[in-house]
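Visitor: Have a look at this one.
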Amino acid sequence: NIVAAEDNTPSFISLNGKKWSTMRQLVHSKLVRVMNTKYVNDIMRDVIKNEFEPKLTKIINSDSNEWFCRESLSQLTFNIIFKANFGQNVGFADNPLCTQLAKDIVDVVGWDIAKRSVLLFMLPNLAPTVIPKSYFQPVYDIKKRINASLKKLIQQRNSMEKKQNGVEDVTFMDHTREMVDKEADEYTESQEIADIFLLFLAGTDTTSISTEWGLLLLSRQPEIQERVRNELISVLDKNGIDYKSDPVNVLYDIKLLLQLPLFRACVHEILRISCVARTGVPHASARDIPIKFKDGKQYTIPAGARIFYNVEGIHYNVNQTENWKNDKYGLNYQQICLENWLKDDSDFESGFKFYQNPSFITFGHGKRDCVGKQLAMKEMRVILGYLLLNYRFKVEDKYMEMDRIPCKGGVRGGVSKPLPQIPLIVEQMKY
């Protein structure tokens, strides 16, 4: 299990029964309460001001105006998870430990590691006996480095706690550890490492790569980019929110989101198209499960079966049974179709209201859906809103002419990334 401590203690998502139920409730409640919209905004304000804006300003003032955004976006989302767990922001220039950890978190869901870890996951007993150990060594090495880094950071955090003992300095994992000790079994260091590892995997590269996809898609459909930006500007002006002098000041709470159907549709379309985990998060059946299809055929999923679901097939309407409207509007399924998420409503300035399309399955479904989906959505809204309000994005003509954005990865344990990385042309917005 790649999402585990070095001694193979798994994160809570691999648990079953009452222990899983308790941990799921605890982690979900703390994600919602501690990492709320304002919390995410506050973290991003510091990172954007100190790390993000200087880079973009330098790029805009250069001759090419080209931005390879992957590293910057990854560092931005990494900082949110890091601050939540360890109570401080990361300055990558002078922190080699965090620089290496951020790189390892990205690499562990990259294609090179994913193709090796999937064999260990699917054939845990057979693969190591028929394939040379050297083939799997990169998996063992990166897992060992990540565990060592997290262990050191946890120890540093605990040392800070004893020195400062400040209530305002309490982090997400402090809350979780305290509640687990009260309501469940002892929360070991290995369990804490595994759960923090999970939060980094779920909240860093997946969100940053989805945002990269979003900027490329909007660059290839400039009319959608302008339409969404104009809605943001109109609604923010209407609400008296100052986005010009303080561009990270926008709090995308439910009151504001209800007035932004196009923006919400845009975020969901980016997640539909990018589907960075093409086969979802794997599940396993605890018992034999009989199922019956509409055509009358019956099957049994045996106990212990590994179950994947084809996110890309559903989101790209391969069987033509989903609720997407791309065909109706003459768009291929790698193009943004805001109408997938909109219904006519004259009460809104745009003439539409947002609705949740039932074919959307990026975060899974049911009791074991993605526990961090709300956090991912908050991150994307803040990042995308900030970027659209402050910059205009384009790509060279040769990228406009491509039928599809080429990508690689997205199998079990991997993330689907545009490959090769496509540079964005960045222009500062002027108000």
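The values are calculated or read from the model by the stated rules, or taken from the named source; none is laboratory data. Fair warning: this is a prediction, and the values are worked out from it, not measured in the lab. Backbone-built Cβ (ideal geometry, glycine too); neighbour counts: all protein chains shown. Please note that ligands, DNA and RNA were not included when accessible areas were found on the heavy atoms of the full protein model with its side chains. Shrake-Rupley method; radii C 1.70, N 1.55, O 1.52, S 1.80 Å.
Visitor: Does region 129-147 include one or more residues that are hydrophobic (A, V, I, L, M, F, W, C), modelled with pLDDT under 85 and out of contact with any strand residue (DSSP E or B) (no Cβ under 6 Å at 6 or more places or on another chain)?
Guide: no
Visitor: List pairs: first in region 121-137 and part of a helix (DSSP H, G or I), second charged (D, E, K, R), Cβ under 7 Å, 6+ apart or cross-chain?
Guide: Pairs that qualify, where the first residue is part of a helix (DSSP H, G or I) and the partner is charged (D, E, K, R), are Phe121/Arg412; Met122/Arg306; Tyr135/Arg116; Phe136/Arg116.
Visitor: Would you check if there is a residue in region 273-291 being of a type in the set (D, E, K, R), modelled with pLDDT of 90 or more and farther than 30 Å from Lys18 by Cβ?
Guide: no
Visitor: Right, next: If you take the residues in region 326-369 that are under 21 Å from the mean Cα position of the chain (by Cα) and open to solvent by 90 Å² or more (accessible area, probe 1.4 Å), which one is modelled with the lowest pLDDT?
Guide: Going through the qualifying residues, I end up with Lys367.
Visitor: I need every pair where a residue in region 294-315 that is in contact (Cβ under 8 Å) with a residue 40 or more places away in the chain and among the basic types (Lys, Arg) has its Cβ under 7 Å from the Cβ of a residue that is in a helix (DSSP H, G or I) and surrounded by 10 or more Cβ atoms within 10 Å (Cβ to Cβ), sequence separation at least 6 or different chains.
Guide: These pairs meet every condition: Arg306/Met122.
Visitor: Which one of these is of a type in the set (Val, Ile, Thr), farther than 22 Å from Met377 by Cα and open to solvent by 70 Å² or more (accessible area, probe 1.4 Å): Val139, Val118, Val130?
Guide: Going through Val139, Val118, Val130 in turn, just one is of a type in the set (Val, Ile, Thr), farther than 22 Å from Met377 by Cα and open to solvent by 70 Å² or more (accessible area, probe 1.4 Å): Val130.
Visitor: Next question, about the same structure. Going by the structure shown, is Glu427 open to solvent by less than 30 Å² (accessible area, probe 1.4 Å) and acidic (Asp, Glu)?
Guide: No, not satisfied.
Visitor: Only residues in region 352-370 that are closer than 18 Å to Ile270 by Cα and assigned to a strand (DSSP E or B) count as the first member; pair them with residues that are at pLDDT 95 or above and open to solvent by 40 Å² or more (accessible area, probe 1.4 Å), Cβ under 9 angstrom, at least 6 apart or cross-chain, and list the lot.
Guide: What qualifies is Phe354/Arg264.
Visitor: Can you tell me which condition Lys430 does not meet? The list is (1) in a helix (DSSP H, G or I); (2) without any contact (Cβ under 8 Å) to a residue 12 or more places away in the chain, and all the others hold.
Guide: Evaluating Lys430 over (1) in a helix (DSSP H, G or I); (2) without any contact (Cβ under 8 Å) to a residue 12 or more places away in the chain leaves (1) as the failure.
Visitor: While we're looking at this one, here's another question. Go through Glu322, Glu379 for me and flag whichever is out of contact with any strand residue (DSSP E or B) (no Cβ under 8 Å at 6 or more places or on another chain), touching a residue at least 12 places away in the same chain (Cβ under 8 Å), within 18 Å of Arg264 (Cα to Cα) and of a type in the set (Asp, Glu).
Guide: On inspection, the qualifying residue turns out to be Glu379.
Visitor: Which fully enclosed helices (runs of 4 or more DSSP H) of region 17-109 have 1 or more residues being at pLDDT below 80, open to solvent by 60 Å² or more (accessible area, probe 1.4 Å) and at negative phi?
Guide: Result: 17-34, 37-47.
Visitor: A further question on this structure: Yes or no: Leu199 closer than 24 Å to Ile307 by Cα, open to solvent by 20 Å² or more (accessible area, probe 1.4 Å), touching a helix residue (DSSP H, G or I) at 6+ places or on another chain (Cβ under 7 Å) and part of a helix (DSSP H, G or I)?
Guide: Spelling it out, Leu199 is indeed closer than 24 Å to Ile307 by Cα, open to solvent by 20 Å² or more (accessible area, probe 1.4 Å), touching a helix residue (DSSP H, G or I) at 6+ places or on another chain (Cβ under 7 Å) and part of a helix (DSSP H, G or I).
Visitor: Let me ask you something else. Answer yes or no as to whether Tyr309 is among the hydroxyl-bearing types (Ser, Thr, Tyr), open to solvent by less than 10 Å² (accessible area, probe 1.4 Å) and at pLDDT below 95.
Guide: Against the criterion (among the hydroxyl-bearing types (Ser, Thr, Tyr), open to solvent by less than 10 Å² (accessible area, probe 1.4 Å) and at pLDDT below 95), Tyr309 does not qualify.
Visitor: Follow-up. Restricting the first residue to region 54-65 and requiring it to be under 17 Å from Met429 (Cβ atoms), which pairs with a second residue that is among the aromatic types (Phe, Trp, Tyr) meet a Cβ separation below 6 Å and a spacing of at least six or different chains?
Guide: That search, which allows pairs on different chains as well, returns Ile59/Trp67.
Visitor: Would you be able to tell me the number of residues in region 95-120 that are hydroxyl-bearing (Ser, Thr, Tyr) and under 15 Å from Ser416 (Cβ atoms)?
Guide: 0
Visitor: When region 275-295 is examined, which residues are found to be polar (S, T, N, Q) and touching a Pro at 6+ places or on another chain (Cβ under 8 Å)?
Guide: Answer for region 275-295, where residues must be polar (S, T, N, Q) and touching a Pro at 6+ places or on another chain (Cβ under 8 Å): just Ser285.
Visitor: May I ask you to verify whether Arg220 is basic (Lys, Arg) and modelled with pLDDT of 85 or more?
Guide: For Arg220, the condition - basic (Lys, Arg) and modelled with pLDDT of 85 or more - is met.
Visitor: Would you pick out the residues in region 284-301 that are in a loop (DSSP other than H, G, I, E, B) and open to solvent by less than 70 Å² (accessible area, probe 1.4 Å)?
Guide: Answer for region 284-301, where residues must be in a loop (DSSP other than H, G, I, E, B) and open to solvent by less than 70 Å² (accessible area, probe 1.4 Å): Ser285, Gly296.
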